Each structure stands twice: as structure tokens, then as C-alpha cells.
Amino acid sequence: MDQWLTQLQHSDPAKRREAVLALGKLADARALPHLAQLYKTESDSTVRELAAKVGKHIQQSAAERKRRTDELPHVPPFVLDDSLLTTPPDPAPPAPAAPPRYTPPPADDLPDPDEFDMLMPAAAAPKPAAQAESAPPPPKPISDRDRQRAKSLLQSAYHYQTSGDSTNALVTLAKALRLDPDLARQSSAVGLAAVLVGGSGKDSIALVLERAERDDLKQSKAPIVDSDLVDALIAAAVLFVVIVFFSIALVYGIVVFAFQANAALLSTTISAADLQRELADFTLQTLLPEALRNTSVTMLTTIINLMIVYWVGTTMGGVGSVVRYLKVMLSLYILFYLLLLAGFGLIIFGALSGTQSTLETLIPLGIYTIGGSVLLFFVGQIYLTMRVQEFGLGSAIASVLVGGAAAGFVLNIMGLLGVR
């Protein structure tokens, strides 16, 4: 029997089935707890059902043996009679015949159990309800929103990996797996985990979660200066300088546009000498203080606009660090203002060139550059919002539009309060 009980732990389901059948033929009640454990943990449905049938069979066999023993005739005890004093006693009566041995039916004819919640010998008393082990709580259902967020995070992890950012890829994949553990059964998530940490199957998923948790713990124990914060501050400083130059170029550009409009109305050509005399009135000393003031207000309104757009995005399910969002968006603003500056520069250079051909070539090119920069800025803001806050395209467009409208309302209120 010990041999078959040991074989119940074999890795081969066929070996476990063989052991269950052998224990059924032995019909020994001592096997019941082992069959009960096998029934609870067995992954093979055939072996599990067979363990249930054999357990029920052993219980029925034990009950049958007990019934047969109870039906044996009762033999009264021997009493010494006085009449037997003069005669020798009879020899001891023969022992009663043993009841016929119960032979269990073949394994294929074992009865099906009605139910098999717990295989235990009949003599074992069940645990009181107060002492019964508490069942583990059922897993928390995953909402549709979390599933969509997890899919979006998985896509972001792929983007990080393809761009060479393995650290962010690992952290983002771990976030997706925590939101939706069912991703661990998808080949796409398992393949990405294997690329990031090695291993295969469940091993790679476990390594991703373990490494992400260890990295988070290291960061919490040893805080350092956030590189994203440093980058955001540098980007803000660079943007401030770029906007100062743009403000000065904007004044010159407005003068050139005024001359261009006046020439178009009068059907005349722009005189380079007149334009230069007009622009000479706007020196750097006179324009710089106003440019610095305008830049300070522009920077304030830009930060407010970005914070409102970020907040609207988080209400729509977006995640990501606000510092990283500011860093990325400020970089986009730098590119935007540089393109605007280039466009106005082409217009001013064309007007000052003094030749009609250069004027007709550079002014339209500058206008196209300005228009293209506005379009690029809008598309780039949507794309970067989608990437940083890690949600879909629709949510990114909605957050930019709603956030921009909300920021415009707030800035108008600030204007009424005198912040200009």
C-alpha cells in the first residue's frame, strides 16, 4: 500500500491513475485521506474523477464489511453446570467460521459517487465550523476599464522595448500584469517578458514582476534627484530664451506684414529702405523689456495649460508622471517656437532683401512654415499625450481639446483679474 500511496505523487498522470486503481482493489480505508488530497489538487480530470469513484468505493466497502461483521451470530459465554462435575468437560467448541471475505468488484465496475466533497473515513469527525480553515477570498473581478488600460500599457511596453528603453518597458509591463493578471496567459506578454528578463512561460512573467518590485524598492530606499525634473527645468529655461527671441521676431514680423498689406492696398512694391527705417525704431533695448514681460506671462500660461490638460487626462484614465509630462511637452513647445521663429525669420529676410523675386519666394515659405508648425504642434501634443499618459488615441484627443478649452477659460479669468 505504501508503494501505491507514494506513486500518487508521480508526475505522470498514467502512473497516478495506476496507483488509484491499485488502492481501489486494496479497499483499505487508510487510503481515503490521500485520495481526498489527490481529488483536491489533481489537474488531470480523468485521474480526478477516478479518485472520486475509488474513494466512494472504499467507503462502501468499509460499510459492507462492518455490516457483515454485525450480522455474525452471537455465541453465549460458556457456563459451568453442576452436572458436569462428574463427567469430563467437552472439548472446547470450534471457533466460528470466518465470514466470507469481501472481494471488491473490478475497477471498471466501480460505482459513480453522488457527490465527493471530502473523502475521509467514516469514523473521522468533521472539524467544527469555528475551526475550519477559512477559504481564500475569490479573486477580484477585473473591470473592462482595467483590461483596456492593461492592453494600452502592454502596447506602451512594446514601444519602449523597440525604442531601446528596456527599463521603462519592464516597469510598464509589470503595471499591465498587475492590472490584468490574465495577460500572463497571452503569448504576446509572455514573449515580451522573455525578451526583457529571459526564461520562458510563467518563469519570465514572475521574473518581470519580481524585478519591477525590486527596482521600486530600491528607488524608495535610495531616493535620488529625479532626472525628469532636472530635464523639465532645463527645458523650461531653454523655452524661456526661445520665447524671448520669438517675441522680438514677432514685432518685426508684424511690421513687415503691415508694410506688405499697405503695399498690396496701394498696388506698390515694398521699399527696403523704408522698411529698414521703420524697423530701426524697434531696437533691442526697447523691445527686450517688453519681450521679457511677455515671455514670463507666456511661460505661466503655458504651465497652467499643460497642468490642466494633464489633469483632464488623468480623469479619463491616464497615468504617468506629471514631471515627465511637463518635460516632454516643454520640449515640444521649444520645437514649436523655433519653427515659428524660423518662419518669421524667412518673412523678415525676404522683406529686407530688396528684390522682388526673393520677397515672393521667402514670404510664402515663411507663411507655410508657420502654418506647418501649428499643425505639427497640435498633432505632436496629441501623440505625446497618448504616449506619456498611456491611453488610446481617442482619449488623448479628448483630453487635449477639453483641457485646452478649460485652460482657455481659466486664462480668460486670469486676464479679467489683471494677469496679462
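The values are calculated or read from the model by the stated rules, or taken from the named source; none is laboratory data. No experiment lies behind these values; they were computed from the predicted model shown. Using ideal geometry, Cβ is built from the backbone for each residue, glycine included, and neighbour counts are taken over all protein chains shown.
Quick rundown of the values:
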quantity: Condition met for residue 375 (of a type outside the set (Phe, Trp, Tyr), closer than 30 Å to residue 160 by Cα, assigned by TED's automatic domain parsing to the domain that holds residue 242 and over 33 Å from the mean Cα position of the chain (by Cα)); calculated: no
quantity: Residue 398 being assigned by TED's automatic domain parsing to the domain that holds residue 306 and either touching a residue at least 40 places away in the same chain (Cβ under 8 Å) or under 28 Å from residue 346 (Cβ atoms) (or both); calculated: yes
quantity: Verdict on residue 322 being within 30 Å of residue 385 (Cα to Cα) and surrounded by 22 or more Cβ atoms within 10 Å (Cβ to Cβ); calculated: no
quantity: Pairs, first outside any helix (DSSP H, G or I) in region 281-305, second of a type in the set (Val, Ile, Thr), C-beta under 6 Å, six or more apart; calculated: 282/251
quantity: Candidate set: region 222-273, residues that are modelled with pLDDT under 70 and surrounded by 12 or more Cβ atoms within 10 Å (Cβ to Cβ); chosen: the one nearest to the chain's Cα centre (by Cα); calculated: 226
quantity: Selection status of residue 313, within 28 Å of the chain's Cα centre (by Cα), under 25 Å from residue 172 (Cα atoms) and surrounded by fewer than 16 Cβ atoms within 10 Å (Cβ to Cβ); calculated: no
quantity: Lone unmet requirement of (1) within 22 Å of residue 259 (Cα to Cα); (2) within 40 Å of the chain's Cα centre (by Cα) for residue 367; calculated: (2)
quantity: Single unsatisfied condition, residue 372 versus (1) surrounded by fewer than 16 Cβ atoms within 10 Å (Cβ to Cβ); (2) at pLDDT below 80; calculated: (2)
quantity: Where residue 361 falls short, out of the listed (1) surrounded by fewer than 19 Cβ atoms within 10 Å (Cβ to Cβ); (2) modelled with pLDDT of 85 or more; calculated: (2)
quantity: Residue within region 329-349 that is more than 23 Å from residue 386 (Cβ to Cβ), of a type in the set (Val, Ile, Thr) and in a helix (DSSP H, G or I) present; calculated: yes
